[in-house]
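Working notes, structure below.
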Amino acid sequence: MTLTEKILGQLPGNVFAGLQQADNLWRSLRENSRPSPTAIHEAPELLESVEWDVVICGGTLGIFIGTALAVQGWRVALLERGELRGRDQEWNISRPELEVLSELNLLTNEQIEAAIASQYNPARIKFTDGPEFWVRDILNLGVDPVYLLDALKSRFLAAGGQLFTQTAFAGAVIHPNGVRVQATVAPGQRSGAGGAGGAAQFSGTGENSLGKSLTTRLMLDVMGHFSPIVRQVRQGQKPDGICLVGGTCAKGFSRNDTGDLMVSFTPIAHQCQYFWEAFPAKDGRTTYLFTYLDADPKRMSLADLFEDYFRLLPEYQNVSLDRLEFVRALFGFFPSYRQSPLRSPWHRLLFVGDSSGAQSPLSFGGFGAMLRHLKRLSRGINDALKNDQLSPESLGKLMPYQPNLSVTWLFQRAMMVPVEQKINPNQINQLLSGVFQGMADLGDPVLKPFLQDVVQFGGLSKTLWKTSISQPGLVFQIIPQVGLPPLINWMQHYINLGIYTALCPLGQSMNSWVNRLPQAKQYEWRRLIDAWTYGSGLDASDRH
């Protein structure tokens with residue numbers, strides 16, 4: 001019996017079996033053995049009637065955009081294949097990022113405060129023998145997903161939204177005037193939980209004892225990285241990057257008042273550079289081990305990662321495993337694609353959240369990425385519905401190219417070791433220590449946005465200049481590791497980042513002029529201004 005099986009076997013629920021299931025999925029991704037489904041069809045005839053403005057498939061993150069749209073007065077239905085309940089493990093985030101929930105009138109300030117289950121300061125960054133860097137107010141809040149989703153669900157229902165739980169997306173047919181969304185309801189379950197008026201019921205044709213359908217003007221896919229619709233569009237395309245993660249929440253640590261954002265104390269092993277995170281939690285201390293990989297078939301399994309996690313955890317946290325009481329295990333893998341954000345080839349369909357891939361390859365996506373884009377998306381979808389801008393071209397403007405995300409691919413590549421490549425075992429740690437030293441010397445205006453997964457042209461340029469002058473050897477080591485073509489490609493995104501940064505204030509100054517344009521032109525120009533703002537990373541400046 002492995003150490004992983006022994007420890008995970010002590011936890012409630014069949015956690016080790018869940019790990020094996022996740023490993024099977026990870027293996028199928030590496031081997032590219034999963035068939036691509038056909039979830040979306042098209043039909044030329046008109047629907048007789050359309051009952052919803054928006055149908056959202058995927059409830060955990062879908063409740064955020066669903067509530068934002070329901071509050072604006074749209075008829076919104078939300079499908080969730082299980083119960084809409086947050087996980088027990090907190091979501092870590094910084095306080096300014098939560099403000100969008102009150103700004104959009106989704107939650108009160110009192111509710112937001114009640115959702116904060118834990119908080120700490122400061123947080124550490126360190127790479128092997130390099131210096132320690134300490135920062136404050138970065139990812140230092142632990143939000144209780146159970147409370148947060150329950151509060152959002154109440155707001156959603158009060159605003160007239162309809163929630164259908166135990167109801168899984170089965171497919172959709174796109175018609176010229178709407179989408180028929182087909183779903184299956186778990187046996188023995190009601191069709192859903194309704195709003196203020198009581199239980200929600202499906203209407204429309206094509207229903208049977210376990211099948212339901214809804215008709216809508218617009219469908220949102222918020223089903224995540226492994227959405228059947230995403231798989232249909234990507235047609236077996238392998239991810240360009242993977243973040244492999246394993247960890248636990250446990251009691252018994254002697255000190256639990258600070259956190260780690262990114263710590264490494266080991267050299268490259270198994271063609272992986274290991275990084276650690278640690279956060280105080282309401283019922284213990286959460287520690288993660290993560291690494292950046294490609295999807296090569298030879299890559300390690302999640303079970304292998306967990307074995308190293310338990311082997312290295314005592315050294316990392318200076319604690320014996322025997323002293324720890326493990327509360328839960330956390331694991332997963334997060335794919336990222338250069339071809340992102342993902343645009344739908346069909347009209348009346350939009351990818352949102354992890355389905356869209358609209359996050360940096362350095363991050364896990366999910367909650368933080370959803371909050372970052374929530375105002376932009378709720379405003380843009382509202383405009384699209386008002387003006388019937390539901391073509392692939394119009395909806396594609398809601399998923400624009402963002403150079404501040406594209407430049408991070410080089411950083412991910414610099415922290416990933418290809419299976420057959422040989423490099424200095426300490427090269428990645430030395431590089432990161434040097435880069436973070438440069439950012440720390442430049443101060444919080446440079447360091448903090450980067451730690452929140454927001455790259456800005458000014459901070460990036462200063463960091464590159466300072467690092468190349470103070471430690472030129474580190475920069476030259478990157479070239480053979482990442483290769484010349486990716487470096488040239490990165491330069492294009494870097495130049496575009498500078499252009500977007502220059503265009504952003506121009507766009508903000510054009511708002512009064514845009515408001516005088518015809519509605520269709522207003523939609524186009526507002527999406528372009530949003531693209532400059534978010535693509536430059538300057539949207540984050542409004543949150544500090």
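The values are calculated or read from the model by the stated rules, or taken from the named source; none is laboratory data. In this text the structure is predicted, and so the values were computed from the model without any measurement. Cβ atoms come from the backbone with ideal geometry, glycine included; neighbour counts cover every protein chain shown. Accessible surface is based on the protein model in full, side chains and every heavy atom, while ligands, DNA and RNA are left aside. Shrake-Rupley method; radii C 1.70, N 1.55, O 1.52, S 1.80 Å.
Quick notes on this one:
So that you can scan it fast, the table gives a plain yes or no per residue for (1) modelled with pLDDT of 95 or more; (2) of a type in the set (Ser, Thr, Tyr):
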site: ASP144; (1), (2): yes, no
site: LEU152; (1), (2): yes, no
site: ARG155; (1), (2): yes, no
site: ALA159; (1), (2): yes, no
site: GLN162; (1), (2): yes, no
site: VAL173; (1), (2): yes, no
site: PRO176; (1), (2): yes, no
site: THR184; (1), (2): yes, yes
site: GLN189; (1), (2): no, no
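- Hey, VAL446 open to solvent by less than 40 Å² (accessible area, probe 1.4 Å), β-branched (Val, Ile, Thr), out of contact with any Cys (no Cβ under 6 Å at 6 or more places or on another chain) and over 15 Å from PHE133 (Cα atoms) or not: no
- Of all residues in the stretch 435-452, those satisfying the criterion of being under 14 Å from ASP137 (Cα atoms) and of a type in the set (D, E, K, R) are ASP444, LYS448.
- Single match in LYS126, LYS153 (criterion: basic (Lys, Arg) and closer than 24 Å to MET439 by Cβ): LYS126
- Filter pass, SER336 being open to solvent by less than 30 Å² (accessible area, probe 1.4 Å), under 12 Å from the mean Cα position of the chain (by Cα) and among the hydroxyl-bearing types (Ser, Thr, Tyr): yes
- Filter pass, ILE499 being hydrophobic (A, V, I, L, M, F, W, C) and crowded, with 19+ Cβ neighbours inside 10 Å: no
Yes or no, residue by residue, for (1) surrounded by fewer than 21 Cβ atoms within 10 Å (Cβ to Cβ); (2) in contact (Cβ under 8 Å) with a residue 12 or more places away in the chain; (3) under 20 Å from ARG87 (Cβ atoms); (4) in contact with a strand residue (DSSP E or B) (Cβ under 7 Å, 6 or more places away or on another chain):
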{"site": "ALA295", "(1), (2), (3), (4)": "yes, yes, no, yes"}
{"site": "SER301", "(1), (2), (3), (4)": "yes, yes, no, no"}
{"site": "ASP304", "(1), (2), (3), (4)": "yes, yes, no, no"}
{"site": "PRO314", "(1), (2), (3), (4)": "yes, no, no, no"}
{"site": "GLU325", "(1), (2), (3), (4)": "yes, yes, yes, yes"}
{"site": "LEU330", "(1), (2), (3), (4)": "yes, yes, yes, yes"}
{"site": "PHE351", "(1), (2), (3), (4)": "no, yes, no, yes"}
{"site": "SER355", "(1), (2), (3), (4)": "no, yes, yes, yes"}
{"site": "SER360", "(1), (2), (3), (4)": "no, yes, no, no"}
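- Restricting the stretch 483-503 to residues that are out of contact with any Phe, Trp or Tyr (no Cβ under 8 Å at 6 or more places or on another chain) and of a type in the set (Val, Ile, Thr), the residue that is farthest from ASP240 (Cα to Cα) is ILE499.
- Enumeration of residues in the stretch 239-274 that are within 19 Å of the chain's Cα centre (by Cα) and open to solvent by less than 20 Å² (accessible area, probe 1.4 Å): PRO239, GLY241, ILE242, CYS243, LEU244, VAL245, GLY246, GLY247, LEU261
- Qualifying residue in the stretch 477-489 (condition: within 16 Å of ARG413 (Cα to Cα) and assigned to a loop (DSSP other than H, G, I, E, B)): yes
- When SER36 is tested against (1) within 26 Å of SER344 (Cα to Cα); (2) open to solvent by less than 40 Å² (accessible area, probe 1.4 Å), exactly one condition is not met: (2).
- Helices (runs of 4 or more DSSP H) within the stretch 343-455 that include 3 or more residues closer than 23 Å to LEU528 by Cα and of a type in the set (A, V, I, L, M, F, W, C): 366-386
- If you check TRP513, TRP525 for being of a type in the set (Phe, Trp, Tyr) and exposed (fewer than 13 other Cβ atoms within 10 Å of the Cβ), only one passes: TRP513.
- Of the residues making up the stretch 352-372, those that are over 14 Å from ASN404 (Cα atoms) and touching a helix residue (DSSP H, G or I) at 6+ places or on another chain (Cβ under 7 Å) number 9.
- Yes/no for PHE169 being closer than 28 Å to PRO37 by Cα, at pLDDT below 95, buried (at least 17 other Cβ atoms within 10 Å of the Cβ) and not small (Gly, Ala, Ser): no
- Strands (runs of 3 or more DSSP E) contained entirely in the stretch 66-146, each with at least 2 residues that are charged (D, E, K, R), farther than 19 Å from PHE364 by Cβ and open to solvent by less than 50 Å² (accessible area, probe 1.4 Å): 123-127
- Test for SER154: is it open to solvent by 20 Å² or more (accessible area, probe 1.4 Å), closer than 30 Å to SER49 by Cα and free of Cβ contacts under 8 Å to residues at least 24 places away in the same chain: yes
- Qualifying positions in the stretch 1-37 - more than 15 Å from PRO239 (Cβ to Cβ) and not in a helix (DSSP H, G or I): MET1, THR2, GLY9, GLN10, LEU11, PRO12, GLY13, ASN14, PRO35, PRO37
- Test for GLU5: is it among the charged types (D, E, K, R) and open to solvent by less than 30 Å² (accessible area, probe 1.4 Å): no
- Hits in the stretch 275-293 - residues which are surrounded by 19 or more Cβ atoms within 10 Å (Cβ to Cβ), out of contact with any Gly (no Cβ under 7 Å at 6 or more places or on another chain) and not polar (S, T, N, Q): PHE275, TRP276, GLU277, GLY284, ARG285, PHE290, LEU293
- Every condition in (1) within 24 Å of ASP221 (Cβ to Cβ); (2) at pLDDT 90 or above; (3) crowded, with 21+ Cβ neighbours inside 10 Å is met by MET416 except one, and the failing one is (1).
- Tally, over the stretch 452-484, of residues that are open to solvent by less than 50 Å² (accessible area, probe 1.4 Å) and at pLDDT 90 or above: 7
- Filtered residue count, the stretch 383-409, keeping only those that are open to solvent by 20 Å² or more (accessible area, probe 1.4 Å) and either more than 20 Å from the chain's Cα centre (by Cα) or at pLDDT below 90 (or both): 7
- Those strands (runs of 3 or more DSSP E) lying entirely in the stretch 233-283 with at least 3 residues modelled with pLDDT of 95 or more and more than 17 Å from GLN89 (Cα to Cα): 241-251, 259-264
- For the stretch 39-52, filtered to residues that are open to solvent by 50 Å² or more (accessible area, probe 1.4 Å) and part of a loop (DSSP other than H, G, I, E, B), the residue that is farthest from PHE333 (Cα to Cα) is GLU48.
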